[in-house]
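J.: Before I ask anything, let me first share the structure, which is written out below as structure tokens.
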Amino acid sequence: MKYSLFLLSIFIASNALAEGTTSSSDASPKGVAVVGAIGSPTLKLSNPDGSDVYYSGVSLWGRGLIPIVEARAFRFDLLGSLRFTNANNKKNNDAQKEEADILGYGGGAEIGLYSLFFGLEYLMNTGKHYSIGAFNNSLIYHYNSLNYYIGFEKRLGIFNLGIVYSSGSGSIPTSETNLSKATPVSDSAIWLQASYSFKKDFFAFIADLLK
Amino acid sequence: MEQYKDLRFILRLLLAIFLFAPLVACNNNSGSYYAAALGLNKARLLVAVQNTNSNQVVSYDLNGKLLGVVADYSAIGGVPRGISVIDGLRFLVPLNGLDRIDMIQLDGTTSIWTTNVQYTGTLYHSVRDSSGNIYSIETNTLEKFDSSGSRIPTTGATPYVNTTLGACTLAVPRSVVINSNGQLVVVSNTSGAIAVYTVTGATTAVCVSSTVLGAGIGATAMIFHSDGSLYIAGGTNSNIYKASATGTGGASIFNNTAIISAPSSMVELPDGTILVSSTTTASIERINTVGTRIGTTSFIKDGFTANVSAMAIIQGQ
């Protein structure tokens, strides 16, 4: 994973240096923005016996950004986040299948520097698992997670296109599963995101909404 | 070149995704299933069935709801006669007729755990000690296997618990437990004797004591309860007895053949109540430690409970 981060960092840095400061559109205020992303996540849970459980699937991620500080090359936003993941156990076969849906919502903060951005968010998640086969069962649980992400984007007028890497971790408490140990959860994903900038600060945005 | 700037960016983006996506998804595909998602967070009742042409291990939840057939030996003629739980997913079953012990997973995966040229007699109950050793009743003896399935002793025809050791004599032993002293306790069907052994010897057990509970009871099952007592089922007289951890002071706590008749196996539920399989009534009944039936109907009565040979609780992970 460190190797992956390293490669992405190199790529992002080179791209930002090459293009981040040259576009006139980058310099204009972004204002309130909404972001939608589709991602390819890998999710890992660990059983009490130490065995690891891997899932892969599709995630959708929405963020609303409220600018607190916005300068020419720097911005600091508060954000609200909603994330949904549908994933299948990588061990699935004809005899046993397991699928997981996880819906999370929460908030955090994002920092933008030229075309780069970094974020941290805290999510409250609800997970649902369905097992079909030798074991037929369903499970619903709740847990909280802390996620960080790093990415870069290209401003194309009021629309932006970007790529993001995210990683998060949390723990499902025993009270939710009746297992003998809490379940560590970690995930990572690469996202393709598009955002729309309203070019207005928060209060102007609200005023427009209330007109 | 300025007009191609956006196109260049998009191409770089796609290249980044192409390079990066496999790195994110680099975890191996082996893994496991999530125990809680499969329902392995809940304890299950395992029931070994020895009906003619229906030799199976069946699982129920602790409310008596049928979960399914875990393993079916009907087609190959193996009769499951005992259940020794290893962990939250696996257990061992001696198979009479096949002369072997199989390891079974709750997902139905089975594998031969051990066989041995000395392990060819009539098999009944088995027990697993805290070190993972298995003691399995074979005709009038008990064979011992270590946690890897190797017979102890490794050579010779003499089993670890021979028919006669000191004051202990086995006469058609049917059930075996480990008590709180770490001693092996075996009850015999023909003599009604409860024999107690230490099992620290390298190649043989040592008899500690032998107590006759009742010559005509036809003992078929025994558990070591969390209250520190032994509970023994009389298969012939249909009594349930309570005795000390070494088999002394035995006394009947239940005798009602309309409810329990020809009991064949027992198991303690997590709440301390006791399940008893009743052959004549083709049911599994639930009683407490003073011999009072819980509820007014059978705990389980279905097509699998007509001839139960063994029961066990497999705890959740």
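J.: For q = 0.09, 0.12 Å⁻¹, what log10 I(q)/I(0) does the protein assembly as shown give under the Debye formula with an equal point scatterer on each alpha carbon and no solvent?
T.: -0.73, -1.01
J.: Compute the projected area of the convex hull of the Cα atoms of segment B:186-253, averaged over all viewing directions, and report it in nm² to one decimal place. Intermediate results must be reported in sequence, preceding the final value.
T.: On the way: hull surface 18.4 nm².
Average of the hull's projected areas for segment B:186-253 equals 4.6 nm².
J.: Between chains B and A, what is the buried accessible area summed over both chains (1.4 Å probe, protein heavy atoms, nearest 100 Å²)?
T.: The contact between A and B buries close to 3900 Å².
J.: With heavy atoms of protein chains only and a 1.4 Å probe, what residues of segment A:119-151 have at least 40 Å² less accessible area in the full set of chains than alone?
T.: In segment A:119-151, residues shielded by partner chains: A:Phe135, A:Asn137, A:Leu139.
J.: Further question: State the three equivalent ellipsoid semi-axes of segment B:214-317, derived from the C-alpha gyration tensor as the square roots of 5 times its eigenvalues, in descending order and whole Å.
T.: In descending order the semi-axes read 19, 17, 12 Å.
J.: So, one more: So how long is each side of chain A along the principal axes, counting just the alpha-carbon atoms, biggest first, in Å?
T.: Largest first, chain A extends 60, 43, 28 Å along its Cα principal axes.
J.: Would you mind calculating the relative contact order of chain B from Cα pairs under 8 angstrom and at least 6 residues apart, reporting the percent as a whole number?
T.: 14 percent
J.: If DNA, RNA and ligands are ignored and the probe is 1.4 Å, what is the ranking of A:Lys128, A:Lys90 by accessible area, most exposed first? Please list the in-between numbers first.
T.: Details: A:Lys128 85, A:Lys90 40 Å².
If we order A:Lys128, A:Lys90 from most to least accessible, we get A:Lys128, A:Lys90.
J.: Taking one equal scatterer on every alpha-carbon of segment B:114-239, how large is log10 of I(q)/I(0) by Debye at q = 0.22 1/Å?
T.: Computed log10 I(q)/I(0) values: -1.32.
J.: Taking 2.2 N^0.38 Å as the expected size of a compact globular protein, what ratio does the Cα radius of gyration of segment A:146-211 give against it, to two decimals?
T.: 1.75
J.: Determine how large the accessible area of A:Asp201 is when every protein chain is in place; take a 1.4 Å probe and give Å² rounded to the nearest 10.
T.: Only protein atoms counted, so the area is about 90 Å².
J.: Pick out which of A:Ser56, A:Ser175, A:Ser145 has the largest mean-square fluctuation in a Gaussian network model of chain A, springs linking Cα atoms closer than 10 Å.
T.: Checking each option, the largest mean-square fluctuation is seen for A:Ser175.
J.: Rolling a 1.4 angstrom probe over the protein chains, ignoring ligands and nucleic acids, what is the accessible area of B:Arg286 in square angstrom, nearest 10?
T.: So the heavy atoms of B:Arg286 present about 60 Å² to solvent.
J.: A further question on this structure: Take the alpha-carbon positions of segment A:75-183, form their convex hull, and give its projected area averaged over all directions (one quarter of the hull surface) in nm².
T.: Result: 8.5 nm².
J.: Among the listed pairs A:Lys97/A:Lys128; A:Lys90/A:Lys128; B:Lys42/B:Lys242; A:Lys44/A:Lys154; A:Lys44/A:Lys181, give every one whose C-alpha distance is greater than 22 Å. Please report the intermediate quantities before stating the final value.
T.: Numbers: A:Lys97/A:Lys128 14 Å; A:Lys90/A:Lys128 17 Å; B:Lys42/B:Lys242 29 Å; A:Lys44/A:Lys154 31 Å; A:Lys44/A:Lys181 16 Å.
Distance filter (> 22 Å) returns B:Lys42/B:Lys242; A:Lys44/A:Lys154.
J.: Enter the accessible area of A:Leu103 (Å², nearest 10), with the probe set to 1.4 Å and all protein chains included.
T.: Its accessible surface works out to 80 Å², give or take rounding.
J.: Between 0 and 90 degrees, rounded to the nearest ten: what's the tilt of helix B:5-24 against the longest Cα principal axis of chain B?
T.: Once rounded, one gets 20 degrees.
J.: Compute the Rg/Rh shape ratio of chain B: radius of gyration over Kirkwood radius, all on alpha-carbon atoms.
T.: Ratio value, two decimals: 1.18.
J.: Leaving out ligands, DNA and RNA, and with a 1.4 Å probe, what % of the accessible surface on chain A is carbon or sulfur? Intermediate values should be presented prior to the final figure.
T.: Details: 6310 of 9580 Å².
About 66 percent, which is the carbon plus sulfur part of the accessible surface.
J.: Turning to a different aspect of this structure: Using a Gaussian network model of chain B whose springs link C-alpha atoms within less than 10 Å, name the residue from B:Leu213, B:Leu67, B:Leu45 with the highest mean-square fluctuation.
T.: Of the options given, B:Leu67 has the highest mean-square fluctuation.
The values are calculated or read from the model by the stated rules, or taken from the named source; none is laboratory data. Worth saying up front: this structure is predicted, and the values here are computed from it rather than measured. Note: accessible area is taken over every heavy atom of the protein model, side chains too, but ligands, DNA and RNA are not part of it. Shrake-Rupley method; radii C 1.70, N 1.55, O 1.52, S 1.80 Å.
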